[in-house]
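Asks: Below is the structure I would like to discuss, written out as C-alpha cells.
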Amino acid sequence: MLLFAASRLLRAALTILFVMTFAFVVLRLSGDPALLIMSVDAPPEAIKAFRQAWGLDQPIWDQYLSYIAHAFTGDFGKSMRDGRPAMDLVMERVPATLAITLPALALKIGLGIPAGIYAALHRNSFADRLTMAVSVAGFTMPSFVLALLLVLVFAVNLGWLPASGADSPSHAILPIITLGAAGAAIMARFTRSAMLEVLGQPYIRAASAKGVEWRRVISHHALPNAAIPTVTIIGFMIGSLVAGAVVVESVFAWPGVGRLLVSAVANRDLAVVQAILMVIAAWMVMANFTVDIAYGWLDPRVRGAAAGH
Amino acid sequence: MGVPLVEIAGLTVDFGNDWRSRAVDGVDLAIAPGEALGVVGESGSGKSVTWLAALGLLPARARVGGSVRLEGQQLVGAPARLLESVRGKRIAMIFQDPSSCLNPVHRIGRQLGEALKLHRGLSGAAGEAETLRLLDQVGIADAKRRLSDYPHQLSGGLNQRVMIAMALAGQPDLLVADEPTTALDATIQAQILALLAGIRRDTGMALVLISHDLGVVAENVSRVAVMYAGRLVEEGLGQDLFDAPRHPYTQGLLAALPTLTGPRRRLAAIPGTVPEPGKAPAGCSFAPRCPLAEPRCMSEPPASRRVGLLHRAACHLQIEPGFSAGALPRAAE
Amino acid sequence: MTLLEATDLRRHYKVRAGRGPFGAKATLRAVDGVSLKIEAGRTLGLVGESGCGKSTTGKLVLGLIAATAGTVRYAGNDMPPTGSAAWRALRPRMQMVYQDPLGALDRRLPVGVQIMEPLAIHGQASPAERRERAAEVMTAVGLQRHQFDRYPHELSGGQRQRVVLARALMTEPDLLVCDEPISALDVSIQAQVVNLLLDLQDRLGIAYLFISHDLRVVRQVSHEVAVMYLGRIVEQGEAESLFAQPTHPYTRALVSAIPVLGPRRERLLLQGDPPNPVDVPSGCAFHTRCPFAVATCRAEAPVLQPTADGRQVACHRADEPALQVAA
Ligand SMILES: Nc1ncnc2c1ncn2[C@@H]1O[C@H](COP(=O)(O)OP(=O)(O)OP(=O)(O)O)[C@@H](O)[C@H]1O
Ligand SMILES: Nc1ncnc2c1ncn2[C@@H]1O[C@H](COP(=O)(O)OP(=O)(O)OP(=O)(O)O)[C@@H](O)[C@H]1O
Ligand SMILES: [Mg+2]
Ligand SMILES: [Mg+2]
C-alpha cells in the first residue's frame with residue numbers, strides 16, 4: 001500500500017511539472033505580453049524597459065529555468081498588471097470559488113447518486129424514463145444557457161434571486177444550481193449504468209439465492225460494487241471543480257478563480273494565468289490521487305495488483 | 001414414492017416470443033424428501049434454468065409457466081417474501097460458475113457468515129467457529145487464513161468449495177447442486193461427494209445433482225433424469241438407465257464417453273446440433289439427429305411412456321433394452 | 001521443435017496471516033519450481049489437486065502474470081516482459097481459455113463481438129471476414145449462428161465455455177493454454193470439442209497445455225501428462241502409461257478416485273489434512289498424506305528423476321518393487 005501511494009505521488013509530481021512546462025511554452029508562444037499590456041502607441045524604449053523588467057528579453061530557455069527554480073521556492077512570479085505576487089492573487093479568490101463549487105458538488109452527489117440508484121432499481125418505469133430524460137437535458141445543455149435560463153426565470157421574471165454579483169449568500173444560489181444541475185445529471189446517468197451493470201452480475205443472483213432479502217442485496221452486495229466505477233466520476237468532478245466554474249463565474253460575475261482566469265487571459269497577465277493553471281492542475285492531480293487511493297480501498301482486486309508480490 | 005418434497009409440473013420458461021425457442025418446455029419432476037436425483041443432458045437443454053425458475057431467480061424478462069410446489073406451496077409467481085424464506089433455507093443452490101458467483105469485494109468469511117446469520121442466527125464467535133467448520137468440511141486447508149481472502153485470491157476449485165460450504169450453511173431440505181465439482185480434482189471430488197452423502201444420511205437432505213460427469217451421477221444418485229432441448233426425454237433408476245438406456249439421445253451420450261482404459265480412439269459425438277429456435281420440428285426435437293428417426297418423429301411429439309419399473313422415456317420407438325443406437329450406421333458427420 | 005520451455009517457474013503471493021491491515025504476512029507458494037517443455041504440435045496435460053497451481057502455471061507460461069522467479073522461452077527466444085509491445089505482438093500466437101468463462105467475458109458485449117475481438121485487436125482481416133470466420137469457429141465448437149448476438153448471461157454454462165474457446169481459436173494460435181475447457185460440456189459436445197482440438201492440432205500444428213480434472217479426457221488428448229501437487233510437478237510421463245500405471249502415490253490416489261459408471265473399484269483414499277500452500281510440509285510435500293511415507297520423506301524433498309520406464313517421478317520410493325505391487 002505504501003509503495004502504491006509513493007508511486008502515485010511521484011506520478012502526480014511529474015504531471016504537475018508537465019502542466020507547468022506546457023502552460024509556459026504555450027503562453028510564451030502565443031504573443032508578446034509587452035505589446036498587449038503596454039498601449040499600442042507606447043514608445044519602443046518603454047516596451048524595451050518593460051521586457052527587461054519582466055525578463056522577457058532573456059532566451060526562452062533561461063526564462064523557463066528561472067521560472068521553475070522560483071516555483072520550487074513557492075515564488076510564481078508577479079502579476080504584470082499590479083505587481084502583486086501572482087499566487088496571492090489566485091489564493092485570495094479560492095474561497096469564493098469553493099463557496100459555490102463545494103455546495104454544487106454536494107448537490108451533484110446528493111441528488112445524482114440517489115436518482116441513479118432509483119432509476120436503476122425501477123428500470124423502464126416512468127420515474128426511470130423521467131430521470132433519464134431530465135439527465136440528458138441536463139448534460140447536453142451548455143452551462144451558460146442554463147445559467148441564462150435560470151436568471152431569466154428566477155431573477156428577471158420572478159425576481160426572487162439576484163442575477164449577478166456576490167453581495168449576499170443569496171447571490172450564490174443560482175451559480176450553485178447551475179453548476180450542480182448538470183453534474184447531478186451526469187452523476188445520475190453514470191450511477192444508473194454502474195448499478196445496472198452490477199445488478200446483472202452473477203453474484204447478485206447468487207446472493208438472492210442465498211436467501212438474502214432484496215433490500216440487503218442492494219445495500220450490501222450491489223452498492224459496494226457499483227461504488228467502484230462511480231468513484232471515478234466523482235473524482236473527475238472534484239478534479240474539474242475549479243476549471244468548471246470558469247463559465248459560470250463569468251456569467252454571474254462571481255469573484256472566483258474562474259473569473260480571474262478570464263480577465264488574466266484577456267490581459268495577457270502571464271504569471272497569473274500560469275499560477276491559476278498550476279492551481280487547477282495541482283487540484284486535479286490531487287483529486288486523481290484520492291480516487292486511486294479510494295479505488296484500492298473499495299476494490300480488493302486493485303489492491304492486490306498494486307501490492308505486487 | 002411418498003409425498004414429494006418438490007413437485008414440478010408442466011414447467012415452461014420462455015425468453016423470446018417464439019414458443020419453439022422455449023428454454024424449458026414442459027418439465028415434470030418430483031423429488032421425495034431425502035431423495036437424490038441426478039440430472040444430465042445436452043448443454044443448453046435447460047437444466048440450470050429449470051431450477052433458477054423454481055426459485056424465482058430468472059430476470060424479469062423470462063416468462064415462467066406451470067407449477068413448482070414445495071410441500072404443496074406454489075413457488076411460481078409467489079411473493080418475494082415467500083421466495084426469500086425458501087431460498088438458502090429450504091432449497092439451496094450451488095451455481096455453475098463459482099468464481100463469478102462470489103461477491104468480489106467481500107471476504108469469503110463475511111460471505112459465509114452472512115448465510116449463517118441469516119439461516120441459523122449465528123454470529124460473532126459462534127458464527128466464526130461454524131464458518132471454520134464448514135470450510136474444513138469441504139477440505140480447505142488453513143481455513144482460518146482463508147476467511148480473510150477475497151474470491152480472486154482463490155483458485156477455481158477453492159471458490160467452488162466455498163460455494164458448496166455456503167449452500168450447506170443453511171442446512172437446506174433440498175440442495176440443488178449445479179455442476180458442483182467441475183473445478184475439483186478426482187480426490188477432492190470424491191471427498192465432497194462423500195460429504196454430501198454423509199449430510200444426506202444424517203439430516204435427510206434431498207439432492208438434485210446436475211452434472212455432465214456420468215460417472216459422478218452414477219455413483220451418487222438413485223434416480224436419473226435426462227434432458228434434451230428443454231424436455232425430459234428419459235427418467236429412471238440410475239443403474240437401469242445406464243445399463244439399458246431407452247432413448248436414442250441417452251444412448252448417444254453413453255457412447256460418447258471416453259474411457260480410461262483401452263485404446264484411444266476418436267470420440268463418438270452425436271452428429272448434428274440442437275435445432276435452431278424456430279426451426280425445431282413439430283415432433284421430437286431430437287429427431288433431426290436421431291439415427292432411428294421415422295417420419296412421425298418429425299411431426300408428432302412423443303409422449304413420455306413407461307418402459308420399465310420407474311423408467312420412462314419420451315420416444316415413439318419401442319427400443320429394447322440392450323439395443324444401442326450407437327451401433328447403427330451414422331448419419332454423415 | 002520446442003515451442004515453449006519454462007524453467008524453474010515460481011509465483012509467490014504475499015498474503016495476510018493475521019488480522020487487520022497490519023497483520024502478519026505470510027508467503028503463499030502458488031507455483032514453486034515448475035519446469036516444463038511443450039513441443040510444437042503436441043499436447044501436455046496438466047492435472048493435480050485443486051489449488052495446486054495449475055491455472056497459475058498456465059498464466060505464467062503465457063506471461064499473463066509475472067513470475068516471481070524462473071524463465072520462459074518461447075520459440076527459442078526469451079518471453080518478452082508482460083505488457084511490452086513485443087509481448088503483445090506475440091499474443092495472437094498464444095491464447096488462453098480461462099477457467100471461469102463468465103468472468104472472462106464482458107457482459108455488456110454480445111458474444112459474437114467478443115469472439116471477433118482477437119482479430120480486431122490485432123488488426124487482422126476485414127470486418128466481413130472476421131464475421132465469417134467467427135461464424136465458422138462457432139459452428140466448429142457447436143454453437144449456433146443465432147447465438148452470435150446473445151449476451152454472456154443469456155447462454156448456458158456450456159455455451160459460454162465454448163464462446164471462450166471459440167475466441168481463443170480465432171487467431172489460429174501456435175500455443176493454446178486450455179484451463180478446464182470442457183468441464184461444463186455434456187459428453188457428446190465434449191467429444192465434439194475434443195475431436196475439434198485434435199483435428200486442429202493435426203491440421204495447424206497447435207500445441208496445447210491442457211489443464212483439466214477430467215482424467216479421461218486428458219488421457220484422450222495428451223501426449224504427455226504432468227501431475228502437480230502443491231506447486232510442483234510430482235510425476236510426468238507418457239499419457240497412456242501414466243494413467244495405466246501411476247507411480248507417485250498422489251497420482252495413484254487421483255487415478256483411483258475417478259468415478260466410474262460400472263461397479264466401483266478399489267480406492268486409495270487420502271488421509272490427513274489437505275495441503276496448505278502457505279505452510280508447505282518439510283521434505284516431500286505429500287508425506288503427511290502418503291500411505292507409503294518413511295523417515296526420509298519427512299526430511300528430504302525428492303526431486304524429479306527418471307525411472308526405469310522413462311517416466312519422471314519425484315518420490316523417494318518410486319523404484320521400490322513393493323510399492324509397485326501395491327498399486
Ligand atoms: N437470460 C437468458 N436469456 C435468453 N436465453 C437464455 C437465458 N438464460 C438461458 N438461456 C438459454 O436457455 C437455454 C437453457 O439454458 P441452461 O442454462 O438451463 O442450460 P443447461 O442445461 O444448464 O446447460 P449447461 O449444461 O451448458 O449449463 C440455453 O439455450 C440458453 O442459451
Ligand atoms: N491473486 C492471488 N492472491 C493470493 N493467492 C492467490 C492468488 N491467485 C491464486 N492464489 C493462490 O494460489 C494457489 C494456486 O491457485 P491456482 O488458481 O493456480 O490453482 P489451480 O491448480 O488452478 O486450482 P483449481 O483446480 O482449483 O482451479 C491457490 O492456493 C490460490 O489460493
Ligand atoms: Mg447449466
Ligand atoms: Mg484453476
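The values are calculated or read from the model by the stated rules, or taken from the named source; none is laboratory data. Note that the structure is predicted; figures quoted are calculated from it, not measured. When we count neighbours, we look across all protein chains shown, and the Cβ atoms used for this are built from the backbone with ideal geometry, even at glycine.
Asks: Just checking: which of the helices (runs of 4 or more DSSP H) contained wholly in segment C:207-287 hold 1 or more residues that are of a type in the set (V, I, T)? Steps first, answer last, please.
Replies: On the way: elements: C:215-221, C:239-244, C:249-256.
Helices (runs of 4 or more DSSP H) meeting the threshold: C:215-221, C:249-256.
Asks: Cβ-Cβ under 6 Å, sequence separation 6+ or interchain: first residue in segment C:18-37 and within 13 Å of chain B (Cβ to nearest Cβ), partner at pLDDT 90 or above and away from ligand 4 (no atom under 16 Å from the Cβ). Which pairs?
Replies: Every condition considered, the pairs that remain are C:T27/C:H12; C:R29/C:H12; C:V31/C:R10.
Asks: For segment C:216-231, give me each residue that is crowded, with 24+ Cβ neighbours inside 10 Å and more than 11 Å from chain B (Cβ to nearest Cβ).
Replies: Scanning segment C:216-231 gives C:V225, C:A226, C:G231.
Asks: Taking B:L175 as the residue in question, decide whether it is away from ligand 2 (no atom under 12 Å from the Cβ) and either in a helix (DSSP H, G or I) or small (G, A, S) (or both).
Replies: Working: away from ligand 2 (no atom under 12 Å from the Cβ): yes; either in a helix (DSSP H, G or I) or small (G, A, S) (or both): no.
So B:L175 fails the test.
Asks: Could I ask something else about it? Which one is farthest from the chain's Cα centre (by Cα), of the residues in segment B:30-80 that are closer than 19 Å to B:D173 by Cα and β-branched (V, I, T)?
Replies: Across segment B:30-80, the extreme among qualifying residues is B:V76.
Asks: Go through B:A255, B:A183 for me and flag whichever is more than 19 Å from C:G158 (Cα to Cα), in contact (Cβ under 8 Å) with a residue 40 or more places away in the chain and either outside the structural domain of B:K117 (by TED's automatic domain parsing) or not in a loop (DSSP other than H, G, I, E, B) (or both).
Replies: Values: B:A183 fails: more than 19 Å from C:G158 (Cα to Cα).
Within the list B:A255, B:A183, the selection yields B:A255.
Asks: So which helices (runs of 4 or more DSSP H) stay within segment A:138-229 end to end and still have 1 or more residues that are closer than 22 Å to C:E154 by Cβ? Give the derivation first.
Replies: Working: elements: A:143-150, A:170-199, A:202-209.
In segment A:138-229, the matching helices (runs of 4 or more DSSP H) lie at A:170-199, A:202-209.
Asks: Pick from C:V141, C:V217, C:V164: which is more than 30 Å from C:V31 (Cα to Cα) and either within 16 Å of ligand 4 (Cβ to nearest atom) or out of contact with any Gly (no Cβ under 7 Å at 6 or more places or on another chain) (or both)? Step through it out loud before you land on a result.
Replies: On the way: C:V217 fails: more than 30 Å from C:V31 (Cα to Cα); C:V164 fails: more than 30 Å from C:V31 (Cα to Cα).
Only one candidate passes the filter, namely C:V141.
Asks: Additional query: Filter segment C:114-162 down to residues that are within 13 Å of ligand 1 (Cβ to nearest atom) and among the acidic types (D, E) and give me whichever is nearest to A:L196 (Cα to Cα).
Replies: For segment C:114-162, the residue satisfying everything is C:E154.
Asks: Something else: Answer yes if at least one residue in segment C:97-106 is within 14 Å of chain B (Cβ to nearest Cβ), under 27 Å from the mean Cα position of the chain (by Cα), of a type in the set (S, T, Y) and within 16 Å of ligand 2 (Cβ to nearest atom), and no otherwise. It would help to see each step written out before you state the result.
Replies: Narrowing segment C:97-106 to residues within 14 Å of chain B (Cβ to nearest Cβ): C:97-106.
With under 27 Å from the mean Cα position of the chain (by Cα) added as a condition, the list becomes C:97-106.
This time we only want the ones that are of a type in the set (S, T, Y), so: C:98.
Filter again for within 16 Å of ligand 2 (Cβ to nearest atom), leaving C:98.
Yes, some residue in segment C:97-106 is within 14 Å of chain B (Cβ to nearest Cβ), under 27 Å from the mean Cα position of the chain (by Cα), of a type in the set (S, T, Y) and within 16 Å of ligand 2 (Cβ to nearest atom).
Asks: Against the conditions (1) free of Cβ contacts under 8 Å to residues at least 60 places away in the same chain; (2) within 14 Å of chain C (Cβ to nearest Cβ); (3) away from ligand 3 (no atom under 16 Å from the Cβ), where does B:A53 fall short? Just the number, please.
Replies: So the condition that B:A53 fails would be (3).
Asks: For the structure I just gave you, tell me whether C:V137 is among the β-branched types (V, I, T), surrounded by 19 or more Cβ atoms within 10 Å (Cβ to Cβ) and not in a loop (DSSP other than H, G, I, E, B).
Replies: Details: among the β-branched types (V, I, T): yes; surrounded by 19 or more Cβ atoms within 10 Å (Cβ to Cβ): yes; not in a loop (DSSP other than H, G, I, E, B): yes.
Against the criterion (among the β-branched types (V, I, T), surrounded by 19 or more Cβ atoms within 10 Å (Cβ to Cβ) and not in a loop (DSSP other than H, G, I, E, B)), C:V137 qualifies.
Asks: Tell me which helices (runs of 4 or more DSSP H) are completely within segment B:32-112 and hold 1 or more residues being away from ligand 1 (no atom under 15 Å from the Cβ), surrounded by fewer than 23 Cβ atoms within 10 Å (Cβ to Cβ) and not assigned by TED's automatic domain parsing to the domain that holds B:D240, or say none if there are none.
Replies: Numbers: elements: B:47-54, B:80-86, B:98-101.
It comes to B:80-86.
Asks: Quick one: in segment C:38-70, of everything that is farther than 23 Å from B:Q160 by Cα and among the polar types (S, T, N, Q), which residue is nearest to the other protein chains (Cβ to nearest Cβ)?
Replies: Of everything passing the filter in segment C:38-70, C:T68 is nearest to the other protein chains (Cβ to nearest Cβ).
Asks: Test B:G121 against the stated conditions and say whether it is surrounded by fewer than 21 Cβ atoms within 10 Å (Cβ to Cβ) and on the phi > 0 side of the Ramachandran plot. Talk me through it step by step, then tell me what you get.
Replies: Values: surrounded by fewer than 21 Cβ atoms within 10 Å (Cβ to Cβ): yes; on the phi > 0 side of the Ramachandran plot: yes.
Yes, satisfied.
Asks: So which of C:E132, C:E172 ends up being away from every other protein chain (no Cβ under 11 Å), away from ligand 4 (no atom under 16 Å from the Cβ) and under 29 Å from C:E39 (Cβ atoms)?
Replies: Details: C:E132 fails: under 29 Å from C:E39 (Cβ atoms).
Answer to the check: C:E172.
Asks: Select from segment B:164-191 the residues that are more than 16 Å from ligand 4 (Cβ to nearest atom) and within 11 Å of chain C (Cβ to nearest Cβ) and write down the one among them that is nearest to B:G56 (Cα to Cα).
Replies: B:D178
Asks: Suppose we keep only residues that are in contact with a helix residue (DSSP H, G or I) (Cβ under 9 Å, 6 or more places away or on another chain) and within 14 Å of chain B (Cβ to nearest Cβ) within segment C:201-215. Which one would you say is nearest to C:L44 (Cα to Cα)? Write out each step before concluding.
Replies: Taking segment C:201-215 and keeping what is in contact with a helix residue (DSSP H, G or I) (Cβ under 9 Å, 6 or more places away or on another chain), we get C:201, C:206-215.
Among the residues that remain, those that are also within 14 Å of chain B (Cβ to nearest Cβ) are: C:201, C:210-215.
Values: C:Q201: 13, C:F210: 6, C:I211: 9, C:S212: 11, C:H213: 14, C:D214: 14, C:L215: 13 Å.
Within segment C:201-215, the match that is nearest to C:L44 (Cα to Cα) is C:F210.
Asks: Kindly indicate whether C:G205 is within 30 Å of C:C315 (Cβ to Cβ) and in contact (Cβ under 8 Å) with a residue 40 or more places away in the chain.
Replies: Details: within 30 Å of C:C315 (Cβ to Cβ): no; in contact (Cβ under 8 Å) with a residue 40 or more places away in the chain: yes.
It is false that C:G205 is within 30 Å of C:C315 (Cβ to Cβ) and in contact (Cβ under 8 Å) with a residue 40 or more places away in the chain.
Asks: Return a yes/no flag: does segment C:192-202 have any residue that is in a loop (DSSP other than H, G, I, E, B), surrounded by fewer than 24 Cβ atoms within 10 Å (Cβ to Cβ) and on the phi < 0 side of the Ramachandran plot. Reasoning before the result, please.
Replies: Start the filter on segment C:192-202 by keeping residues that are in a loop (DSSP other than H, G, I, E, B), which leaves none.
No: segment C:192-202 contains no residue that is in a loop (DSSP other than H, G, I, E, B), surrounded by fewer than 24 Cβ atoms within 10 Å (Cβ to Cβ) and on the phi < 0 side of the Ramachandran plot.
Asks: Does B:V105 count as facing another protein chain (nearest Cβ under 10 Å) and modelled with pLDDT of 95 or more? Can you show your working first?
Replies: Numbers: facing another protein chain (nearest Cβ under 10 Å): yes; modelled with pLDDT of 95 or more: no.
It is false that B:V105 is facing another protein chain (nearest Cβ under 10 Å) and modelled with pLDDT of 95 or more.
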